[in-house]
Structure formats: C-alpha cells, structure tokens
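A.B. asks: Mind looking over this structure? Questions follow.
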Amino acid sequence: MDEEKFDVIIVGGGITGCVAAYLLAQAGVEVLVVERAEGPGEKAVTGGRMYGHAMEKIFPGFAEEAPVQRKIVREKISLLGETTAFTVEYDDEDMRAPDMASYSILRAEFDPWLTEKAEEAGAMFIHGIRVDKVLTDENGKACGVLAGEEEMHADCILLADGVNSLLAQQLGLKKELAPKQVAVGVKEVIQFGEEEINKRFGVKDDEGLAWLLMGDVTNGAVGGGFIYTNKDSLSVGIVETIEEIGYGGVAPRDMLERLKQHPAIKDILTGGEVVEYSAHLVTEGGYDMIPQLYSDGVLVAGDAAALVMNLGFTIRGMDCCAESARLAAETILAAKEKGDYSKETLSLYEKKLNESFVVTDMKHFRKMPAFIDNHRMFEQYPGMISEMMRGLFLVDGSKPQKFSKTAMGAVKKVGIFKLLGDARKGMGAL
Amino acid sequence: MAMTIEDKLGLNRFNVDGTPHIEINGNYDDQTLKERLVMACPAKLYTLREDNTVDFNYEGCLECGTCRVLTGGRIVKSWDHPIGGMGVAFKKG
C-alpha cells in the first residue's frame, strides 16, 4: 500500500472543504480533499441562497467570475391562508453592493468552479471515495482517514463532511442530530428560461428575488416554503422541522405540492418544467447546537459543525461555511508553523470562530429557535392577518365593519396576551 | 395533474449500489413512529405492508438523513452514506 502522507486531509469537497483547501494550498500546505461524489457538487443541495460577504473576503469580486445564478435584490415574505396571501416586499439598492449582496446558486454548478480554484492553487482532490473512519494514533490524535481498504495519512484532518457528519459523531465531537434541531428541506428545480423568469418576477437579467412563505404551506406545522429565482429556473421548496412530521397531517413531500397549488403561487409556476427533485437536512438549533469544534489533530467546520442560522426571515449557512473554513485554515497554518497539532494549539480555531461574525451572530440570535418553535406563528397568525386584510380589502356592498372591530375580533381568536407575549419574545430574539 | 414522487425521482440520476446503505427493523413496534416515518421520507421509500411491518427500498434515496434523525436508532437500525460514487448525483443541487 502507498504510504503517502499529507499535511492536511479534508473530508468533503463542498464550500467548506474547497475554501479551506484553496487557502491552505495557496500557503504551500500539502492538502488532499476526499469527496464521496463522483463529480464536484453532485451530492450538494442548497435551498438556494448564499450571502456573498464571506466569500468576498477570499475571492474579491467572485460573483463576476463564479457561476452564481442571480443577485438577490428583492425580498418577499408571505403569510398564506388557505386561499389568501399577505405579502411584504422589500427592495433595497444596497442589496447590490458587493459586501451586502447575496446570490441564488445551484451547487452542482457552483462547486465545480470552487473545486477548480482549489486545484489551481495546488490542492489535490479525489472524488468518488467515501471516508469511513478517522484514524487515530496511540495517543488518540487524529492521523489519517480510512476509505474502504485504503489508509491515507496526514498531520491534521478537517471534517467538512456536511450536515450528516457521521465522522464527527464517531469521534464523539458531536451528538446525533435531534429531531427538534433539524429540518428536512425538499426542493424542485423548475425550468422556465431566462426571459420568462424576468417577465414573471419583474426583474432584469442577473437579478432576482428571494421569497419565503409560511402558514398554509405546512398546514400549521413549524416550517415554510421558499422560492428563489435562478438564471433560467426557480428553486421551489419547503422545510419542516423533523419533530413536526405528522403535525397537520401533510407529509413534507406533499407540502411542496401544496405550495405549488396555492392560489397565490399556482399561476406563477404554470408552464415550468420540473428538472430535479432533491432533499437535504437543515440544522436550525442555533448557537446551542454548535458541537465540540476540535480535538487532537482534527477540526470540524461548516455544516458539519451546525454553523447555520435560521431566523425565519433569513436563512444563512454557506457564508458561515466559508468563514469557518477560512478560520480553520488559519488555525492549521499556525499549527503547522509550530509543528504542533494538539488540541491546545487547535483551540485557536474556537477562539477565532467565537470572535467572528459566525458565532457572534449565532449568539445574538440565540433565542430565535425557541421563538420560531411556536405553532401560533404558523397556524394562527397567518389566519389572523388574513381576517384583518379581508376587512380592509373585500367589498361586497354590505355595511362595512369598523377596522378596529374586525382587527380585534381576529386578535381575540388568538388571545391578546399571547399575541403581546409573542411580540415581546420576537423583539427580544432579534 | 400533479407529478408523483416516482415521476420526480425519475428526473434524477442514480448509480445504484448493490448493497443497501440503510438497514431497518421493519417489525419495530411503534405504530405512530412507523406512520411518521412513512410520511417523512421525501422519496417515499418507506411503506407499510399489509401486516403493518415497514417495507423499505433504498433505490431512489436522496441521502437526506431524515429517517435516521426521526427514528433515532429505532426502525432505522443503521444509516451510512452510499459508498463513494454511488447513490444520487445531482445536476442542479
């Protein structure tokens, strides 16, 4: 057997793995990325949106060159009743500024570009190999990986193997995901053509929108729908917290159809051709879900480290992946210089992460997961809003009721103290 | 007419491995959990047989992990990623 030894082996060739590989290779580190997909991006699924700021630090102006889909310049959030939709729309010129911009992306197109960047910098990739185990030496320090029969050795292992990081679990760094802390996402990519997307959404080439929908889509369960405009297609999907499966009686896969058939959505999707069907887990436990991030000879980054923020109106993961990869790479460089990959040295990673936007933001929004995990948000408030709107907008010739009366009637159904309590909690969680 | 899950899975490319990457205990005695598992799988790969045991087909698996997380060691006994290069290969993602 070939006894080749690398400085670093990275498990997983997604955004985290590729960014770390790129930065390490650029600094002259011998790095090998082991990816189980046959080709880059073939196992990666995103809902569809990446905030660009973290990637911008690594590849300034990346969106000019990288295969991003569209720059997101409009936000939409809808509360859906059975036949109603109350929508908030937000446009902001600053969404076009590079440091604040976000992009819809498709990973099977984006990851090959990122892989190529890392390869050009000198990182080695092997695709189509699943890592089964992290090898440890007699002192318990990670020293390589086992893939099938083959052992590969390195001074340091970076686990960038995604949300289902069985390896981090094997090493005891991370517990099994809890149904309350993780959602299943189900998505279709629906093809329309570039002009059709522009026309249907009132956007110009290379610009688009992000649209989140809650209420009727999950039939009251904790979760929601999303629509992102890609270049010539839409990413349309739903997420539901796993613990919620069964609540409301609609299977996640059927929620997607429910969204597509909703009266406010249906016509927008007419004539599109579904070209792909995918599913992926989304961690949403927030700050309290972050696992042990390092041990002797090993670091965990990106989705494997649950570095995802679900704030209900904003969902961030890939910017946290890129940033954690950058900080892991910096830590590894410092360790290489010292010639010491012990836990003590690698603890620098946690320190850096704690000081970065990743952990400070997750800490800031720490109360959000508990706030969102509340059926009133998904079951009662969308209906309450619909009832108020009907009072304002529907005219049938009968004597109108005072709005204050309609509104109070709708609020009373939920309970005014509950509403005030939730509003207070919501403000507190922001 | 709405597409069926079978239609949707038919759009994806799968390299089918000869050995399943998920093993289940279809006799596990928890009716509610069994019904939730049937609902949970985006690819609709879990079904209930007439005798109320769980039937499972790993071909068409989207590799999301929902079944593993939901059942936490019950029904789904072991869950691994398919071996390298096998399983679903997304062209959009």
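The values are calculated or read from the model by the stated rules, or taken from the named source; none is laboratory data. Keep in mind it's a predicted model, so treat the numbers as computed, not measured. Don't worry about glycine lacking a Cβ; one is built from the backbone with ideal geometry, like all the others, and counts go over all protein chains shown. Side chains are part of the model used for accessible areas, which takes the heavy atoms of the whole protein and leaves out ligands, DNA and RNA. Shrake-Rupley method; radii C 1.70, N 1.55, O 1.52, S 1.80 Å.
A.B. asks: Do we find that residue B:88 is of a type in the set (A, V, I, L, M, F, W, C) and within 8 Å of chain A (Cβ to nearest Cβ) in this structure?
C.D. replies: Yes: the conditions hold for residue B:88.
A.B. asks: Next up: Name every residue in segment A:126-145 that is assigned to a strand (DSSP E or B) and open to solvent by less than 40 Å² (accessible area, probe 1.4 Å), in order of residue number.
C.D. replies: The answer is A:134, A:135, A:142, A:143, A:144, A:145.
A.B. asks: Follow-up. Can you find, within segment B:18-34, the residue that is modelled with the lowest pLDDT among those that are among the charged types (D, E, K, R) and exposed (fewer than 15 other Cβ atoms within 10 Å of the Cβ)?
C.D. replies: Across segment B:18-34, the extreme among qualifying residues is B:29.
A.B. asks: Got a number for residues in segment A:112-150 being among the aliphatic types (A, V, I, L, M), under 28 Å from residue A:343 (Cα atoms) and within 14 Å of chain B (Cβ to nearest Cβ)?
C.D. replies: 6
A.B. asks: Moving on. Keeping to segment A:226-249, report how many residues are within 8 Å of chain B (Cβ to nearest Cβ) and farther than 17 Å from residue B:92 by Cβ.
C.D. replies: Selection size over segment A:226-249: 3.
A.B. asks: If you don't mind, another one. Given the options A:70, A:36, A:49, name the one that is under 30 Å from residue A:386 (Cβ atoms), modelled with pLDDT of 95 or more and of a type in the set (D, E, K, R).
C.D. replies: A:49
To keep it simple, each residue is scored yes or no on (1) closer than 21 Å to residue A:213 by Cα; (2) over 11 Å from the mean Cα position of the chain (by Cα); (3) free of Cβ contacts under 8 Å to residues at least 12 places away in the same chain.
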site: A:281; (1), (2), (3): yes, no, no
site: A:284; (1), (2), (3): yes, no, no
site: A:292; (1), (2), (3): no, yes, no
site: A:305; (1), (2), (3): no, yes, no
site: A:309; (1), (2), (3): yes, no, no
site: A:319; (1), (2), (3): no, no, no
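A.B. asks: Of all residues in segment B:27-71, which are on the phi > 0 side of the Ramachandran plot, free of Cβ contacts under 8 Å to residues at least 24 places away in the same chain and either of a type in the set (S, T, N, Q) or more than 8 Å from chain A (Cβ to nearest Cβ) (or both)?
C.D. replies: Once the filter is applied, which keeps residues that are on the phi > 0 side of the Ramachandran plot, free of Cβ contacts under 8 Å to residues at least 24 places away in the same chain and either of a type in the set (S, T, N, Q) or more than 8 Å from chain A (Cβ to nearest Cβ) (or both), segment B:27-71 yields only B:52.
A.B. asks: Could you say which residue among B:88, B:54 is open to solvent by less than 20 Å² (accessible area, probe 1.4 Å), within 12 Å of the chain's Cα centre (by Cα) and of a type outside the set (Phe, Trp, Tyr)?
C.D. replies: B:54
A.B. asks: State all residues of segment A:290-329 that are among the aliphatic types (A, V, I, L, M) and modelled with pLDDT under 95; if no residue qualifies, say none. Give the steps one after another, and end with the answer.
C.D. replies: First, pick out the residues of segment A:290-329 that are among the aliphatic types (A, V, I, L, M): A:290, A:293, A:298-301, A:304-309, A:311, A:315, A:318, A:322, A:325, A:327-329.
Passing the criteria: A:309, A:311, A:315.
A.B. asks: Does segment A:151-165 contain any residue that is touching a helix residue (DSSP H, G or I) at 6+ places or on another chain (Cβ under 7 Å), within 30 Å of residue A:272 (Cα to Cα) and in contact (Cβ under 8 Å) with a residue 40 or more places away in the chain?
C.D. replies: no
A.B. asks: Follow-up question, since we're still on this one. In segment A:269-279, is there at least one residue being more than 10 Å from chain B (Cβ to nearest Cβ) and assigned to a helix (DSSP H, G or I)?
C.D. replies: yes
A.B. asks: Something else: In this structure, does residue A:258 turn out to be at the interface with chain B (Cβ under 8 Å from one of its Cβ atoms) and not acidic (Asp, Glu)?
C.D. replies: Considered against the rule, which asks whether it is at the interface with chain B (Cβ under 8 Å from one of its Cβ atoms) and not acidic (Asp, Glu), residue A:258 comes out as no.
A.B. asks: Moving on to the next point. Can you find, within segment A:36-62, the residue that is farthest from the other protein chains (Cβ to nearest Cβ) among those that are within 16 Å of residue A:106 (Cβ to Cβ) and charged (D, E, K, R)?
C.D. replies: By that ranking, first place goes to A:49.
A.B. asks: When you scan segment B:1-14, how many residues do you find that are open to solvent by 40 Å² or more (accessible area, probe 1.4 Å) and not aromatic (Phe, Trp, Tyr)?
C.D. replies: Adding up the residues that qualify gives 9.
A.B. asks: Moving to a separate point now. Considering only residues that are in contact with a strand residue (DSSP E or B) (Cβ under 6 Å, 6 or more places away or on another chain) and under 20 Å from residue B:7 (Cβ atoms), which ones fall in segment B:35-44?
C.D. replies: Once the filter is applied, which keeps residues that are in contact with a strand residue (DSSP E or B) (Cβ under 6 Å, 6 or more places away or on another chain) and under 20 Å from residue B:7 (Cβ atoms), segment B:35-44 yields B:38, B:42.
A.B. asks: Continuing with this model, one more query. Report, by residue number, each residue of segment A:202-222 that is open to solvent by less than 20 Å² (accessible area, probe 1.4 Å) and either touching a Gly at 6+ places or on another chain (Cβ under 7 Å) or modelled with pLDDT under 95 (or both).
C.D. replies: Selection gives A:213, A:215, A:217, A:218, A:220, A:221, A:222.
A.B. asks: Can you give me the ranges of the helices (runs of 4 or more DSSP H) entirely in segment A:1-68 with at least 2 residues that are in contact with a helix residue (DSSP H, G or I) (Cβ under 7 Å, 6 or more places away or on another chain)?
C.D. replies: Values: elements: A:15-26, A:53-58, A:62-65.
So the answer is A:15-26, A:53-58.
A.B. asks: Just need a number here: residues in segment A:167-199 that are open to solvent by 30 Å² or more (accessible area, probe 1.4 Å) and not in a loop (DSSP other than H, G, I, E, B).
C.D. replies: So the count comes out to 7.
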